[in-house]
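The values are calculated or read from the model by the stated rules, or taken from the named source; none is laboratory data. Since this is a predicted model, take the numbers as computed values, not measurements. Backbone-built Cβ (ideal geometry, glycine too); neighbour counts: all protein chains shown. To get the accessible areas, we keep the full protein, side chains included, count just its heavy atoms, and leave off ligands, DNA and RNA. Shrake-Rupley method; radii C 1.70, N 1.55, O 1.52, S 1.80 Å.
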Amino acid sequence: MDAYDLITRNAAEVVTEDEVRALADDPDGKRAYVGYEPSGVLHIGHMLTANKLIDLQEAGFEVVILLADVHAYLNDKGTFEEIRETADRMREQFVAYGLDEENTEFVLGSEYQMDEEYVLDTHALELETTISRAERAMAEIQRGSNPKVSQAVYPLMQALDIEYLDLDLAVGGLDQRKVHMLAREVLPSLDYDVRPAVHTPILADLSTGVGKMSSSEGITISMEDTEEDLREKVNKAFCPPTADPEPDGEGNERENPVLQIFQYHVFPRFESVVVERPEKYGGDLEYDDYESLESDLESGELHPADAKGALADYLDELIAPGREKIAEQRS
Ligand code: NAL
């Protein structure tokens, strides 16, 4: 796969394609980052952007993971001490997940976000930005329904981080797109360059296929799930024999979350996927790419129950090293 295809595969949005093409022409030593509000245990959403970081490392990029402790604090995620503790544990879980430690730089936001120059730049952006503009940028990230001043400052700092971490490419889930658009608007006011962004999709709710999978409500998959937990969650998942299900009774769009997890989590990390079946049901099936698995599910050649069994096996393999790390962290 060439560098542009690696950088953009499975992306929901690329801003802009021309800017990313320019990076792909000479990817060696380029720096890409993702920021995460630290929380104790990685969930499947963290792992999805981590898969993109692994693609970028394969394309020759250096990867920066910002453990955004100050941002988590501004977004009401706990006391500063609690957040700092979770950041250390999160770093170890990312490495266990498969990020190449040699090529990954972990940075705590608090290492530079209290510096005088950074603070003054934050205030300069506060002067450039209306409250309503900042609120819009935060809509999908904000905790709680009544925005605080801290949550309006948050996206401005996220924009500045792109400059301060000396990055060439910003990566994030689609929920980060409004912050990245704000960054493109405001960074030039401080004479800083605009950087391209790649946004990964947000997967659908596991049990209904409607709306987003969320770590705060509904069922999510996390690095502390046991093999049994995984099997139970996947078995209950919504999985009609199509990637494009009809809307539900209330007219809400639905997705097939089982297929989404195959596409965004399994195929990027495994050469091929084997679905084990007893001989009397036709024996094992092997897939070299996502599309062939999807078309077998649609045609009925692959039964949803068999697809789910295989999905739980592969998820377990992806999660096992992190789960062991978490057990070690707790002992
Ligand atoms: C992501 C987050 C916080 C700060 C950042 C700074 C630069 C790049 C990415 C960043 C966390 C993210 C979240 N907003 O919702 O988890």
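Listing for the model above:
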| read-out | value |
| --- | --- |
| Selection from the range 185-206 of residues that are under 17 Å from Met157 (Cβ atoms), under 21 Å from the mean Cα position of the chain (by Cα) and open to solvent by 20 Å² or more (accessible area, probe 1.4 Å) | Arg195 |
| Selected residue (criterion: farthest from the ligand (Cβ to nearest atom)) from residues of the range 88-104 that are touching a Ser or Thr at 6+ places or on another chain (Cβ under 9 Å) and open to solvent by less than 30 Å² (accessible area, probe 1.4 Å) | Phe94 |
| Residue that is surrounded by the most Cβ atoms within 10 Å (Cβ to Cβ) [pool: residues in the range 267-292 that are more than 14 Å from Asp313 (Cβ to Cβ) and small (Gly, Ala, Ser)] | Ser292 |
| Residue match in the range 215-223 (condition: within 16 Å of the ligand (Cβ to nearest atom), at pLDDT 95 or above and β-branched (Val, Ile, Thr)) | no |
| Options Ala72, Ala32: the member that is within 16 Å of the ligand (Cβ to nearest atom), in contact with a strand residue (DSSP E or B) (Cβ under 7 Å, 6 or more places away or on another chain) and in contact (Cβ under 8 Å) with a residue 12 or more places away in the chain | Ala32 |
| Members of the range 160-184 that are without any contact (Cβ under 8 Å) to a residue 60 or more places away in the chain, near the ligand (Cβ under 9 Å from one of its atoms) and under 20 Å from the mean Cα position of the chain (by Cα) | Asp175, Gln176, Val179, Ala183 |
| Any hit, the range 29-38, residues being at pLDDT below 95 and assigned to a helix (DSSP H, G or I) | no |
| Sole residue being open to solvent by less than 50 Å² (accessible area, probe 1.4 Å), under 16 Å from Leu167 (Cβ atoms) and either within 14 Å of the ligand (Cβ to nearest atom) or in contact with an Asp or Glu (Cβ under 8 Å, 6 or more places away or on another chain) (or both), chosen from Leu53, Leu6 | Leu53 |
| Residue in the range 35-47 that is open to solvent by less than 10 Å² (accessible area, probe 1.4 Å) and under 22 Å from Met181 (Cβ atoms) present | no |
